[in-house]
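Quick notes on the structure that follows.
The values are calculated or read from the model by the stated rules, or taken from the named source; none is laboratory data. What you are looking at is a predicted structure, and each value in this text was computed from that prediction instead of being measured. So basically every Cβ, Gly included, is an ideal-geometry build from the backbone, and we count neighbours across all protein chains shown.
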């Protein structure tokens, strides 16, 4: 079989995703608190044969502007939503974002293993280390640890979770009514790990799912984050700005995966795109102009500040963004922003406005055929293994994409017509 694209839908439990006027679009349904909305959306994406969906998560309100004007925020814990969406579907993967900086390994491992088992092996864990001190303060800490320390802890947390998830051998769960044997204890293994930051001792209590353990997903952009992804991630989510940027990241990450002793094919690189689809090219461009004009320019600087964990309001908005020092905060996120603005030498204000429109990701605009053409070019020219599809209106962007673009890609033989198996790992490895 020829190489085929992967699609994962980007979701959040709030008013905006990448496009910071999404909730203001007249056709967006702001039904964040309606379980049937999420269940119907999951079914729509499954009809479109998406590999999966995942919820990004924000653990705090970053600043007053974002709160007052409906910027990027999470109003719900995504874990219960994933459980509901699992009940409404049978094949699509279901990803949740959980920070390693605040929870203990056993709590994370137990929660994700339960979701994975009950969903039939369809869960992914998007691993983050968080940015900014506000999130840390919700957990009773004064500040977030330094970046390298956060990644050291993340590695310990993941290693303990993986060890716990591998603690059940095949056949450990007996369930023999006649003999009275419930579990074969000889087929269980204890976790005995004492790390610098976290530890775990004991027999893990949740049996493995059909895919053994959740798929590992990661979106780190800093050199340390890329090393972490190269060692562990099966799916990498990245923000890139052009085909050339995609190709550079793709080539570098595949080399890192190879150098980490893994097969490059074992780590899929997915780039974020915002499709805007119209019946004609001119209609699509009008839709793009309309939704982009709804972005409040006041969102820009607070939004970028939230993403990099550094208050940028103290800097002049008419100065080049490249002049801003970033010893604190998220170096990787800031590097992504700089990469998307370097060609135009944008000021802080200009860059922030563009970031509020699409977080500097490509808006793939046109008819269904031309959108398919653009995605196929990114894919076939080795810019990616697939796409994180991000909406500009909800749920209309996903409905239009699955109804009009997916069938074209299926007909061209670059996207599946049916799921290859029942688990997420089977789907992404097919």
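Data for the structure
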| quantity | calculated |
| --- | --- |
| Qualifying residue in region 72-83 (condition: in a strand (DSSP E or B), within 15 Å of the chain's Cα centre (by Cα) and touching a residue at least 12 places away in the same chain (Cβ under 8 Å)) | no |
| Identity of the residue in region 41-56, part of a loop (DSSP other than H, G, I, E, B) and touching a helix residue (DSSP H, G or I) at 6+ places or on another chain (Cβ under 6 Å), that ends up nearest to residue 423 (Cα to Cα) | 51 |
| Out of 157, 206, sole residue that is within 20 Å of residue 114 (Cβ to Cβ), touching a residue at least 24 places away in the same chain (Cβ under 8 Å) and under 24 Å from the mean Cα position of the chain (by Cα) | 157 |
| So residue 86, is it surrounded by 19 or more Cβ atoms within 10 Å (Cβ to Cβ), over 17 Å from the mean Cα position of the chain (by Cα) and at pLDDT below 95 | no |
| Hey, residue 415 in contact with a helix residue (DSSP H, G or I) (Cβ under 6 Å, 6 or more places away or on another chain), farther than 11 Å from residue 275 by Cα and at pLDDT below 95 or not | no |
| Filtered residues of region 221-236 (kept if over 12 Å from residue 256 (Cα atoms), out of contact with any helix residue (DSSP H, G or I) (no Cβ under 6 Å at 6 or more places or on another chain) and in a loop (DSSP other than H, G, I, E, B)) | 234 |
| One residue from 130, 101 being modelled with pLDDT of 95 or more, within 20 Å of residue 231 (Cα to Cα) and in a loop (DSSP other than H, G, I, E, B) | 101 |
| Sole exception among (1) more than 23 Å from residue 38 (Cβ to Cβ); (2) surrounded by fewer than 17 Cβ atoms within 10 Å (Cβ to Cβ) for residue 129, by number | (2) |
| Only one of 261, 195, 200, 180 that is closer than 23 Å to residue 128 by Cβ, surrounded by fewer than 17 Cβ atoms within 10 Å (Cβ to Cβ) and at pLDDT 95 or above | 195 |
| Qualifying residue in region 145-161 (condition: touching a strand residue (DSSP E or B) at 6+ places or on another chain (Cβ under 6 Å), at negative phi, crowded, with 16+ Cβ neighbours inside 10 Å and not in a loop (DSSP other than H, G, I, E, B)) | yes |
| Helices (runs of 4 or more DSSP H) enclosed by region 288-404 - at least 3 residues per element that are modelled with pLDDT under 95 | 300-308, 331-341, 348-358 |
| Criterion violated by residue 275 - all others in (1) modelled with pLDDT of 70 or more; (2) buried (at least 19 other Cβ atoms within 10 Å of the Cβ); (3) not in a strand (DSSP E or B) satisfied | (3) |
| Single match in 230, 210, 219 (criterion: at pLDDT below 95 and either farther than 28 Å from residue 5 by Cβ or crowded, with 16+ Cβ neighbours inside 10 Å (or both)) | 219 |
| Filter result for residue 108 (assigned to a helix (DSSP H, G or I), free of Cβ contacts under 8 Å to residues at least 60 places away in the same chain, over 28 Å from residue 50 (Cβ atoms) and in contact with a helix residue (DSSP H, G or I) (Cβ under 7 Å, 6 or more places away or on another chain)) | no |
